[in-house]
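S.K.: Pasting in a structure now, in structure tokens, and then I'll have a few things to ask.
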Amino acid sequence: MADGGERHAFFVESDAKANSERMSWDFAASEEDCRRLIHHLPVALWQVDTRGASAVFEKLRTEGVTDITTYLDEHPELVELAKDIVLVTAVNRDAIALFRGRSGADLVAPVRYLFVGMPDLAKRVMVAHFKGRRNYIEETKICAFDGTLIDVLFTVTYPERPELYDSSLITMIDIGERLKTEVQLRQLQADFAHAARISTLGELATSIAHEVRQPLAAIATSAETMLRWLKRDDVSMSKLEALTARVISNARRASDIVQRIRKMAVKHEPERISLDLNEVVEEALLVVRHDIEARSIALAVKYGARLPSVIGDRVQLQQVVVNLLVNSVQAIVQGGGPARRIELCTSVCDGAVAFTIRDTGPGIAEENIDRIFESFFTTKDTGMGMGLAICQSIIFSHGGAIAGSNHPDGGARFQFSLPAVGWF
């Protein structure tokens with residue numbers, strides 16, 4: 001029995017030893033597989049030893065530092081120190097290729113080289129680490145060893161206890177092609193919007209000509225009156241001054257109209273400035289008002305009082321208002337109903353500045369409500385289907401929202417809203 005017990009103990013000990021060796025071999029193989037997998041990942045990856053920075057952070061916490069952003073602003077030398085004491089311990093092949101290195105040895109060094117293209121990035125990474133963030137992500141630029149600036153999506157993953165607290169992972173993805181594509185897309189959108197403005201201005205040529213003709217006719221009338229007064233013996237200087245002031249006023253008005261039309265017609269880079277939406281709507285009405293009146297459509301405008309400003313491009317927002325007005329006019333004309341009315345209003349709603357337009361046309365067919373903002377969707381025989389799509393694109397690019405619906409009392413209702421500036 002004793003021999004049997006010894007044999008049993010021997011087999012148990014042997015099995016345990018074999019299992020331990022097998023586990024050790026499996027772990028080593030798994031670790032090697034993991035290294036091979038990381039080496040061939042299709043993203044640039046760095047393993048970083050952050051013990052130096054962690055020790056500094058612990059010391060700052062014991063000293064009562066809580067506002068790390070302000071502290072680093074006041075002690076920029078700490079950021080520079082971190083660039084030298086935080087070390088890259090391993091990289092993969094995509095990291096070597098991204099930085100135009102010859103081998104991994106070129107990149108296994110202090111992290112300072114990672115921040116040459118954007119020095120302030122290091123401070124933001126440190127702030128996120130100090131605050132206990134799990135990840136930090138930013139679109140930024142890096143400077144490769146050959147001096148090439150590269151747009152990348154930069155991410156850091158900060159381990160948390162009970163993980164290895166001294167090791168972080170940095171990944172970078174080259175997004176240069178994506179950004180180039182986005183620029184091309186924005187240019188195409190701008191070209192479409194410009195083409196739509198030109199098309200709309202062409203449709204409104206009669207209305208524009210009338211708006212310009214009005215101040216020119218007033219100038220001619222005032223000038224003729226001045227000539228008659230000058231031929232009289234009892235010339236009234238006060239009346240001549242009043243007539244001259246009227247000429248100047250109408251000349252400026254004509255010039256303003258021409259300038260506004262020119263701005264809508266000429267290609268330009270979007271310019272985001274502080275705007276009063278009431279002024280944007282008023283200037284847009286200048287282009288369409290005569291067309292509305294010529295078609296015997298009643299226009300009711302209600303401007304919100306003391307609206308907060310919005311940040312946007314004046315011409316683009318005017319294009320949205322003009323497009324919506326033209327759509328309303330066309331809907332009323334094509335509908336042929338007895339009620340011919342357009343109502344406009346501006347207001348503040350949930351911290352945003354809103355523009356609303358309602359017409360008494362036939363409204364939007366129920367089957368089309370979900371499609372009205374689609375590109376090239378139109379119910380008009382001669383329409384291109386780009387007007388509302390462009391409106392949506394412009395409003396979205398301004399951080400706003402736009403929607404269309406049928407009004408309970410008939411007709412269509414469109415509203416867009418834009419973030420308000422300084423509204424509390």
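The values are calculated or read from the model by the stated rules, or taken from the named source; none is laboratory data. It should be emphasised that the depicted structure is a prediction, and the values quoted were computed from it without experimental measurement. When we count neighbours, we look across all protein chains shown, and the Cβ atoms used for this are built from the backbone with ideal geometry, even at glycine. Heads up: the accessible areas ignore ligands, DNA and RNA and are worked out on the full protein's heavy atoms, side chains in. Shrake-Rupley method; radii C 1.70, N 1.55, O 1.52, S 1.80 Å.
S.K.: Extension gain residue 241-residue 178, at 0.36 nm per residue separation less the Cα-Cα distance, in nm? Intermediate values should be presented prior to the final figure.
M.R.: Details: separation 63, 0.36 × 63 = 22.68 nm, distance 6.26 nm.
The span from residue 241 to residue 178 would gain 16.4 nm if fully extended.
S.K.: Quick one: compute a quarter of the convex hull surface over the Cα atoms of region 276-413 and quote it in nm². Numbers along the way, then the final one.
M.R.: Working: hull surface 33.4 nm².
Result: 8.3 nm².
S.K.: Let me ask another. With respect to the cross-link table entries 59/141; 123/180; 83/131; 59/131, which display a Cα-Cα separation exceeding 22 Å? Let's see the in-between values first.
M.R.: Values: 59/141 31 Å; 123/180 28 Å; 83/131 18 Å; 59/131 14 Å.
Correct reply: 59/141; 123/180.
S.K.: Sort 222-233, 140-151 by the packing proxy (mean of other Cβ within 10 Å over each peptide's residues), most packed first.
M.R.: In decreasing order of mean packing, 222-233, 140-151 become 140-151, 222-233.
S.K.: At 0.36 nm per residue, minus the direct Cα-Cα distance, what do residue 229 and residue 349 gain on full extension? Give it in nm, one decimal, please.
M.R.: On the way: separation 120, 0.36 × 120 = 43.20 nm, distance 5.49 nm.
Gain in length upon complete extension: 37.7 nm.
S.K.: Ordered by residue, what ³J(HN,Hα) values in Hz, to whole numbers, does region 61-75 give under the Karplus form 6.51 cos²θ - 1.76 cosθ + 1.60, where θ = phi - 60° and Gly and Pro are x?
M.R.: With the stated coefficients, region 61-75 comes to 5, 5, 7, x, 6, 10, 8, 5, 4, 5, 4, 5, 4, 7, 10 Hz.
S.K.: Tell me which GluC sites (Glu not before Pro) from region 75-161 have a DSSP coil assignment and no more than 12 other beta carbons within 10 Å of their own. Working shown, then result.
M.R.: Values: sites: 77, 80, 138, 139, 160; in loops: 160.
Sparse-neighbourhood loop GluC sites (Glu not before Pro): 160.
S.K.: Heavy atoms only, probe 1.4 Å: what % of the accessible area of region 61-106 goes to carbon and sulfur, would you let me know? Let's see the in-between values first.
M.R.: Details: 1390 of 2610 Å².
C and S atoms contribute 53 percent here.
S.K.: Sticking with this structure for a sec: Packing-wise, with mean Cβ within 10 Å as the measure, how do 411-417, 70-76, 395-401 rank, highest first? If you can, show how the numbers build up before the last one.
M.R.: Values: 411-417: 22.1, 70-76: 13.0, 395-401: 17.6.
For the peptides 411-417, 70-76, 395-401, the packing ranking is 411-417, 395-401, 70-76.
S.K.: Ranked highest first by average number of other Cβ atoms within 10 Å, how do 100-106, 306-312 line up? Before the final figure, lay out the partial values.
M.R.: Details: 100-106: 13.0, 306-312: 17.9.
Packing proxy ranking, top to bottom: 306-312, 100-106.
S.K.: What length, rounded to one decimal in nm, is gained on full extension from residue 106 through to residue 302, with 0.36 nm per residue of separation minus their alpha-carbon distance?
M.R.: Values: separation 196, 0.36 × 196 = 70.56 nm, distance 6.71 nm.
Length gained, residue 106 through residue 302: 63.8 nm.
S.K.: If you don't mind, there's one more thing I want to ask. Between residue 295 and residue 367, what FRET efficiency comes out of the Förster formula 1/(1 + (r/R0)^6) with R0 = 45 Å and r the beta carbon distance, rounded to 0.05? Intermediate results must be reported in sequence, preceding the final value.
M.R.: Values: r = 28 Å, r/R0 = 0.62.
It comes to 0.95.
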